[in-house]
Amino acid sequence: MRPDAPNVPAHFIEQIIQEDLASGKHKRIHTRFPPEPNGYLHIGHAKAICLSFGLAEKYNGSVNLRFDDTNPEKENQEYVDAIRRDVQWLGYHWNGGEFYTSDYFETLFQYASILIKKGKAYVDHQNPETIAEQKGTPTAPGTNSPHRERSPEENLQLFEEMRAGVHPDGHCVLRAKIDMTHPNMHMRDPVIYRIKRAHHHRTGNDWCIYPMYDFAHGQSDSIEGITHSLCTLEFEVHRPLYDWFIQELEIFPSRQIEFARLNLDHTVMSKRKLLRLVEDGVVDGWDDPRMPTISGLRRRGFTPESIRTFCDRVGIAKRENVIDFSLLEWALRDHLNRVALRAMAVLDPIKLVVVNYPEGQTEMLPSENNPEDPEAGVRMMPFSRELWMERGDFREEANKKWFRLAPGKTVRLKSAFIVRYVNHTVDAQGNVNEVHVEYFPDSRSGSDTSGIKAKGTLHWVNAATALDAEVRLYDRLFADPTPDGHADREFTEFLNPDSLEVRTHCKLEPSLGEAPGETPYQFTRLGYFSLDSEKSKAAGHPVWNRSVTLKDGWKG
RNA sequence: UGCCCCAUGGUGUAAUGGUAGCACACCGGUUUUUGGUACCGUUUGUCAAGGUUCGAGUCCUUGUGGGGCAACCA
């Protein structure tokens, strides 16, 4: 999809496009991304975005951003703004333009009138329950409405009365006249217009009737000259209706093609369920770093590149799928490993005292900013007698497989010196307090003439100049791989109680004090982190989010 | 007792009638001043039964399994 993307074989939709281009059916392709502005975009939308935008990019076509805003009760401007921001952040531009289904309300009204005149639509005065009953079931045919045979003239007048506000909400609907015995439920005289006196975020109170999805979507595609209208599998059964309207109205034949939606394990993906997590206060808003929303992933420290790579990797097919969360993590690590600056931070600090290092002395030691990128340069780190080290890097008893500090062990302090265990102190509870080591002056990093070999390398932070920070560690939001896959249990029952761990008084190397907002860092040996600017502002001290851990290959 | 879609290692996805490949995960090794990265390697798969064909993951039939469809939601 991207110019720098690996050469992946063409999936079935791309093959259709290639054929349409080769046969001359279309000179140029035109796609669209059509979200309803009733919630925030999530990683599943990212797949759809990468598909429709990516295809347009690759084949020099156009792509529209269209807000499918036919249900004013659920939609608002906040969501429109969030969606625009998220698509842009992913790195895409709607070169075909920005549209709203509400732009077409007048045209759609005229289309409906055409159908009425052709005797292909009628006004039904029955209540929703009766209409539902007459619809039949998937295994039993429906029956005709008593209003089905009204004349086009009467229907036209009634429909115009509906628009004019003569009838109260729910008093009647406009229905397409197709076939109440059709094996496809969607073809059994679907409702195409309803009366709803609701304030629309764009058209205000201009309308009191609104078209249904099926009567708006295909026509909107057609009006915009969309050649390939890509959507998820659940709309497959709508396609005959989509085509029926286009045929009856004799308008540009857009083609709907369906693909399988993305499912990620250990999370939920429906807007309804995500909304519930937000409303119940289970998470810190739509952009909580644990949410699978684009805004949540952004705050978590994901990069647009990593999300696009992820979407490339999951592929496009018609088979139901559940993608491992670890694939998303892999995509992030893959990108961040190449670009993230390295820095040292100690999340669970204990004191490390270099007993033979002169008191009051400090020296500056260079450390590379990114071993994967020599051009990233080096920075100077202060080193002195008292340092912070990670509690987990010391054990009072250890075997041969333990490369870190313990009685009798020797390790290198990253970018500094090799040190050897001397002794350690414990507090009243028996917790290790301080670890004392001696250093070898001739083992200085870069000019080591000591000849000493140390198997382990530890990160550290100079105590006197360390910055205090809060660091938030995240884990899967749900403990179960498929929280909404249990018929008899609520998805909320599977929430992971340990999905957020807040660490305070973490020690950061001083260079992190100047960290610009969005820059991703790798805290050496710990993972990738990014500053949470808004949280920091609110808390009055730096708050960092762990985006993802480093792969931990140690099985000790 | 309907209609539609789908079925390839643990996961995802290729092979378009001609050697079942790739990625992630897993496991093992080499390198390493990150138990990271990089590099190398091992293990693991065509839902079933018939049929067509010189040849079937691919085409046909019948099963089996999974998903979707009965909002005045999208």
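Quick note: the coordinates plus some simple rules give every number you see, no bench work behind them. All values reported here derive from a predicted model rather than from experimental measurement. In this analysis, Cβ positions are derived from the backbone assuming ideal geometry, glycine residues included, and neighbour counts consider all displayed protein chains.
Annotations
- Taking only the alpha carbons of region A:479-531, we obtain Rg and Dmax values of 17.6, 52 Å in that order.
- Sorted by Cβ density within 10 Å, fewest first, the residues A:E359, A:E329, A:E154: A:E359, A:E154, A:E329
- Measuring against 26 Å, Cα to Cα, the residue pairs A:K47/A:K535; A:K414/A:K507; A:K117/A:K196; A:K47/A:K273 contain A:K47/A:K535 as the ones spanning a longer distance.
- Potential extension, A:D373-A:D488 segment - 0.36 nm per residue separation minus Cα distance: 36.2 nm
- ³J(HN,Hα) computed for each position of region A:256-264 - Karplus, 6.51 cos²θ - 1.76 cosθ + 1.60, integer Hz, glycine/proline x: 8, 10, 9, 9, 6, 5, 7, 10, 10
- For A:K453, the aspartates and glutamates whose Cα falls under 19 Å of its own Cα, not counting residues fewer than eight places away in the same chain, are A:D393, A:E438, A:D442.
- Label point of A:V237 set 7 angstrom out along Cα-Cβ; within region A:183-222, amide nitrogens under 14 Å from it belong to A:183-190.
- With the convex hull constructed from alpha-carbon coordinates only, region A:296-430 shows a mean projected area of 13.2 nm² over all directions.
- Taking the Cα centre of region A:1-84 as origin and assigning +1 to Lys and Arg Cβ atoms and -1 to Asp and Glu Cβ atoms, the resulting dipole is close to 380 debye.
- Degrees between helix A:325-339 axis and first principal axis of chain A (Cα, 0 to 90, nearest 10): 60
- Between the helical axis of A:12-23 and the longest alpha-carbon principal axis of chain A there is an angle of about 60 degrees.
- Reach of A:K74 by Cα under 16 Å, taken over aspartates and glutamates that are not fewer than 8 positions away in the same chain: A:E36, A:E279
- Cα-based helix-to-principal-axis angle, A:43-58 vs chain A, degrees rounded to 10: 80
- Length gained when the stretch A:S270-A:N496 is fully extended (0.36 nm per residue, less Cα-Cα span): 79.5 nm
- Förster radius 60 Å - calculated FRET efficiency between A:T425 and A:D280 (Cβ-Cβ, nearest 0.05): 0.85
- Histogrammed with a bin width of 10 Å, the alpha carbon distances of chain A distribute as 3, 15, 21, 20, 15, 10, 7, 5, 3, 1, 0 percent, first bin at zero.
- Residues whose amide H falls under 5 Å from that of A:R342, counting only those 5 or more places apart or on a different chain, are A:N370, A:Q522, with hydrogens built in the peptide plane.
- The largest-to-smallest principal axis extents of the Cα set in region A:411-490 are 66, 36, 25 Å.
- Per the Cα gyration tensor, region A:72-162 maps to an equivalent ellipsoid with semi-axes of 37, 19, 13 Å, ordered largest to smallest.
- Estimated FRET transfer efficiency (A:N127, A:A539; beta-carbon r; R0 56 Å; 0.05): 0.55
- A:K401-A:E518 FRET efficiency (beta carbon distance; Förster radius 56 Å; 0.05 resolution): 0.90
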